[in-house]
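Inspection log for the structure reproduced underneath, given as structure tokens.
The values are calculated or read from the model by the stated rules, or taken from the named source; none is laboratory data. Just so you know, these numbers come straight off a predicted model, no measurement behind them. Glycine gets a Cβ as well: all are built from the backbone with ideal geometry, and neighbour counts include every protein chain shown. We work out accessible area using only protein heavy atoms, side chains counted, and drop any ligands, DNA or RNA first. Shrake-Rupley method; radii C 1.70, N 1.55, O 1.52, S 1.80 Å.
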Amino acid sequence: METAQKLTIGPNEPISIKQSLFLGLQHVLAMDVYVVPFIIATAVSASADQATALIQSCFLGAGIASLIQVLFFLKLPVCQGPSFVPVGAIIGLYFGNGNFNNVFGASLVGGLILAILGVTGIIKKVIAEYIPRIVSGTIIMIVGLSLLPAAFNSNIYVQSDVLSMHQNILLAVISGSLLIVFSMIGYYAPKTGNLLRIGSVILAIAIGTVVAALMGGYNFDSVTSAGWFTRPMVAFVDYPLGFDLSSILTMLIIYLVLTAETTGTWYAVSSVIDETITDHQLNMGIIGEGIGCMIAALVGATPVTGYSTNAGIISVTGVASKRVFVGASIWFIILSFLGKFSALINSIPSSVIGGIFSVVTMIILLAGFKVIKEEPFDERQTYIVGLPIIVAMGLIFLPVEVKQSAPTMIQYLLDSPIAISAIISMLMNKLLPEI
């Protein structure tokens with residue numbers, strides 16, 4: 001059965017505002033948008049207020065950038081969120097300057113240049129030349145494969161003062177299993193179970209959180225103490241923009257890597273909804289990506305990119321309506337101003353999210369496999385697909401001491417296994433001649 005036949009609601013099908021907001025919330029809950037700013041804030045020893053401000057700014061940046069892509073540029077069912085690719089570079093630049101001013105300034109310049117490259121069509125030509133189906137399928141597979149260890153190591157195989165590792169593993173199994181059960185009920189009994197399939201993500205998260213509470217592992221205090229209304233940061237009001245040449249050059253390299261990552265996400269979404277991305281869409285998507293990153297810098301957020309998690313959720317729920325992603329964008333914007341709701345999402349146990357996330361990454365991986373299996377496969381293709389997978393796994397499990405012994409610029413790249421592997425797949429496709 002083709003992917004398109006499994007969709008219950010297509011990309012351009014209208015749904016009600018109420019449905020759009022409900023289904024959009026599923027994407028918001030599963031995307032873990034707060035993780036990147038949380039990691040950065042923790043690494044630079046930011047105060048609680050600074051961490052909260054960075055998280056809320058990233059919500060605002062994600063919401064505005066998502067609206068830009070869905071409505072005006074890429075026009076695919078995608079959501080933007082803070083990318084993991086620049087995390088190492090941002091932390092390094094912060095310690096080099098003592099603040100985020102140069103980070104946001106460099107992000108603004110990088111976004112502008114990316115948008116210009118999109119306008120000129122250069123990026124579109126590069127993508128058409130270097131990312132055929134065998135490469136795009138490989139990138140999609142690597143996205144899923146590379147995210148899977150994070151689902152376990154950062155969300156499931158953890159323990160806290162209130163939950164043991166065994167309890168977290170159990171919670172992940174419960175939430176992941178519920179997601180599959182609800183999804184399959186809708187698959188086998190579409191008339192009676194379609195509602196369960198559509199709401200499978202949010203139902204699995206809700207039930208998983210209730211089970212965590214029964215275990216004594218859910219604390220509502222952070223939600224109670226959070227304020228209802230808080231304002232995100234804004235450039236020139238809350239912080240100045242710094243323009244340092246070395247910071248800008250660093251961020252330009254990061255943006256090139258980021259482009260490889262985000263195009264992989266677009267191909268993952270197009271594979272799930274069974275619609276081919278046109279050259280014009282790629283061109284417009286790059287422009288939208290650049291503008292989104294510029295706006296993110298102006299509202300105190302880190303560079304944004306398309307989230308492959310959404311492709312997995314579309315596959316699970318069968319809902320690909322772009323109105324859902326407008327709904328998700330609205331939620332992001334609302335959450336950026338409502339501290340109590342941000343705290344509520346942030347309070348969901350990580351293992352519950354990890355169980356959902358592990359299923360989603362598996363779906364992304366198999367979406368890439370679906371693209372690859374439609375191509376003729378010989379020894380040449382084996383290495384085009386296989387070598388990048390080896391590199392991705394090698395970088396994920398690279399010992400910290402080896403990474404730290406590399407030059408600073410190389411360290412930034414080593415923190416991006418998806419992008420590095422994508423580049424290697426492109427190069428292998430060019431270097432290995434066809435017979």
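Listing for the model above:
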read-out: Hits in segment 98-132 (condition: within 14 Å of Leu282 (Cβ to Cβ), assigned to a helix (DSSP H, G or I) and open to solvent by 30 Å² or more (accessible area, probe 1.4 Å)); value: Leu117, Val119, Thr120, Ile122, Lys124, Lys125, Val126, Ala128, Glu129, Tyr130
read-out: Given (1) part of a helix (DSSP H, G or I); (2) open to solvent by less than 30 Å² (accessible area, probe 1.4 Å), number of the condition Ala406 does not satisfy; value: (1)
read-out: Residue check for Leu93: surrounded by 21 or more Cβ atoms within 10 Å (Cβ to Cβ) and within 20 Å of Gly111 (Cβ to Cβ); value: yes
read-out: Leading residue by the ranking (most open to solvent (accessible area, probe 1.4 Å)) among those in segment 288-306 that are in a helix (DSSP H, G or I) and touching a Leu at 6+ places or on another chain (Cβ under 8 Å); value: Leu298
read-out: Of the criteria (1) open to solvent by 60 Å² or more (accessible area, probe 1.4 Å); (2) among the aliphatic types (A, V, I, L, M); (3) touching a helix residue (DSSP H, G or I) at 6+ places or on another chain (Cβ under 7 Å); (4) within 19 Å of Tyr255 (Cβ to Cβ), which one Ala419 fails; value: (1)
read-out: Residue that is out of contact with any Ser or Thr (no Cβ under 8 Å at 6 or more places or on another chain) and within 26 Å of Ala311 (Cβ to Cβ), where the choices are Gly110, Gly63, Gly98; value: Gly110
read-out: Boolean, Phe369 is touching a residue at least 12 places away in the same chain (Cβ under 8 Å), surrounded by fewer than 23 Cβ atoms within 10 Å (Cβ to Cβ) and in a helix (DSSP H, G or I); value: yes
read-out: Segment 307-326, residues that are of a type outside the set (Ser, Thr, Tyr), surrounded by 24 or more Cβ atoms within 10 Å (Cβ to Cβ) and in a helix (DSSP H, G or I); value: Asn310, Ala311, Gly312, Ile313, Ile314, Val316, Val324, Phe325
read-out: Matching option when the condition is surrounded by fewer than 24 Cβ atoms within 10 Å (Cβ to Cβ) and in a loop (DSSP other than H, G, I, E, B), among Ile334, Ile348; value: Ile348
read-out: Single match in Met251, Met233 (criterion: crowded, with 23+ Cβ neighbours inside 10 Å, among the aliphatic types (A, V, I, L, M) and closer than 16 Å to Asn101 by Cα); value: Met251
read-out: Qualifying positions in segment 154-178 - over 27 Å from Phe397 (Cβ atoms) and open to solvent by less than 60 Å² (accessible area, probe 1.4 Å); value: Ile174, Ser177, Leu178
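Yes/no matrix, rows are residues, columns are (1) assigned to a helix (DSSP H, G or I); (2) under 27 Å from Val28 (Cα atoms):
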{"residue": "Val359", "(1), (2)": "yes, yes"}
{"residue": "Ile384", "(1), (2)": "yes, no"}
{"residue": "Leu395", "(1), (2)": "yes, no"}
{"residue": "Glu401", "(1), (2)": "yes, no"}
{"residue": "Gln411", "(1), (2)": "yes, no"}
{"residue": "Ser421", "(1), (2)": "yes, no"}
{"residue": "Lys430", "(1), (2)": "yes, no"}
{"residue": "Pro433", "(1), (2)": "no, no"}
